[in-house]
Amino acid sequence: MTNIGIFDSGLGGVAVLNELAKRNKANYFYLGDNLRVPYGNRSKAEITKFATDIVDFLENYDIDYYIIACNTISVTCKDYLREKYAKKFITIAEMAVEAALGFEGDYLALATKATIDSHFYKNTIEGKKSCHVYESKAIDLVNLIEAGVLDGKTLNDSIDEYLSIANEKQIANIILACTHYPIIKDKIRERLSYKANIIDPAVYLAEKIRTDDMENVVNIFMTKESQETSDLINKIMEVDYKLSFIGGL
Ligand code: DGL
């Protein structure tokens, strides 16, 4: 069996896990740190410490390789984790750039504060092709999604603010550069005043992974018990899974 460790600050990576588990049978061990979410407004030192706590926990499961299903962790400390654990870490952020490069035109990277402040998307994509990468810090979207706010005026107003540059400039491609955002992909599409190409890196990543296993075993560990979390996981997952609340790391 292939043991795949996959993690995020909370629920966002569950959408990545779902795309993966639908296509590739394996032993999945997912950790979502919804007790300490959001990571996107935290310092580099804090994000690195939290990511290390997560990997230390997952190391108990004889993991063959990891998938960092969190852009914030990917851009903040992927090199540190690769060096510390001497294992393969596939990152959603590097996969997202690969996916984005397949399309023509300019881009809007919609992401957390930490991801935008790193300028990973802007620097990497503009370094590889002639285009402009606009950046939008969607400060409170993760909190709304974690709280189960998937509709309504508060969410619409936030999305409108973060997409204002896209609507103004009719930017061809919108990169969902935070794994929480595909959960509200339809809302994002609805708030755009033109037809943009919305890039969901989770689908691209899942199509790149290949496993030979005959059986799917999907374990989801969340650090904080909540009904909203259970309900959202249930809504996102299209394959069987076992959910455990571990009460912190
Ligand atoms: N889902 C995470 C990402 O892809 C971040 C959410 C957070 O701020 O914790 O960046």
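Just one of the numbered conditions (1) more than 17 Å from the chain's Cα centre (by Cα); (2) under 24 Å from Ala172 (Cα atoms); (3) surrounded by 19 or more Cβ atoms within 10 Å (Cβ to Cβ) is not true of Glu126; which one?
Answer for Glu126: the failing condition is (3).
Residue-wise test of (1) over 13 Å from the mean Cα position of the chain (by Cα); (2) modelled with pLDDT of 95 or more; (3) closer than 19 Å to Ile116 by Cα.
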residue	(1), (2), (3)
Met1	yes, no, no
Leu11	no, no, no
Asn18	no, yes, no
Tyr28	yes, yes, no
Ser43	yes, yes, yes
Lys49	yes, yes, no
Thr52	yes, yes, no
Leu58	yes, yes, no
Ile68	no, yes, yes
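So which residues in the range 1-58 are assigned to a helix (DSSP H, G or I), away from the ligand (no atom under 13 Å from the Cβ) and either open to solvent by less than 10 Å² (accessible area, probe 1.4 Å) or touching a Leu at 6+ places or on another chain (Cβ under 8 Å) (or both)? So that I can check it myself, show each step before the final result.
Initial filter on the range 1-58 (assigned to a helix (DSSP H, G or I)): 12-23, 44-58.
With away from the ligand (no atom under 13 Å from the Cβ) added as a condition, the list becomes 18-23, 44-45, 48-49, 52-53, 55-58.
Within the range 1-58, Asn18, Glu19, Leu20, Ala21, Thr52, Asp53, Val55, Asp56, Phe57, Leu58 qualify.
When both residues are 6+ apart or on different chains and their Cβ atoms are under 8 Å apart, which pairs have a first residue that lies in the range 228-249 and is in contact (Cβ under 8 Å) with a residue 40 or more places away in the chain, and a second that is open to solvent by 60 Å² or more (accessible area, probe 1.4 Å) and of a type in the set (Phe, Trp, Tyr)?
Listed by first residue and then by second, the contacts come to Ile233/Tyr241.
Condition first: within 14 Å of the ligand (Cβ to nearest atom) and surrounded by 21 or more Cβ atoms within 10 Å (Cβ to Cβ). Now tell me which residues in the range 59-81 satisfy that.
In the first step, residues of the range 59-81 are kept if they are within 14 Å of the ligand (Cβ to nearest atom); the result is 67-78.
Correct list: Ile67, Ile68, Ala69, Cys70, Asn71, Thr72, Ile73, Ser74, Val75, Thr76, Cys77.
Scanning the range 82-109 for residues that are touching a residue at least 60 places away in the same chain (Cβ under 8 Å) and open to solvent by 60 Å² or more (accessible area, probe 1.4 Å), which turns out farthest from the ligand (Cβ to nearest atom)?
Glu104
Take Ala172 and decide whether it is of a type in the set (A, V, I, L, M, F, W, C) and closer than 24 Å to Asp151 by Cβ.
Spelling it out, it is not the case that Ala172 is of a type in the set (A, V, I, L, M, F, W, C) and closer than 24 Å to Asp151 by Cβ.
Is it the case that Ala172 is within 21 Å of Thr72 (Cα to Cα), small (Gly, Ala, Ser) and touching a residue at least 40 places away in the same chain (Cβ under 8 Å)?
no
The values are calculated or read from the model by the stated rules, or taken from the named source; none is laboratory data. Small disclaimer: the values here were computed from a predicted structure and weren't measured. Note: ideal-geometry Cβ built from the backbone for every residue, glycine included; neighbour counts use all protein chains shown. Note: accessible area is taken over every heavy atom of the protein model, side chains too, but ligands, DNA and RNA are not part of it. Shrake-Rupley method; radii C 1.70, N 1.55, O 1.52, S 1.80 Å.
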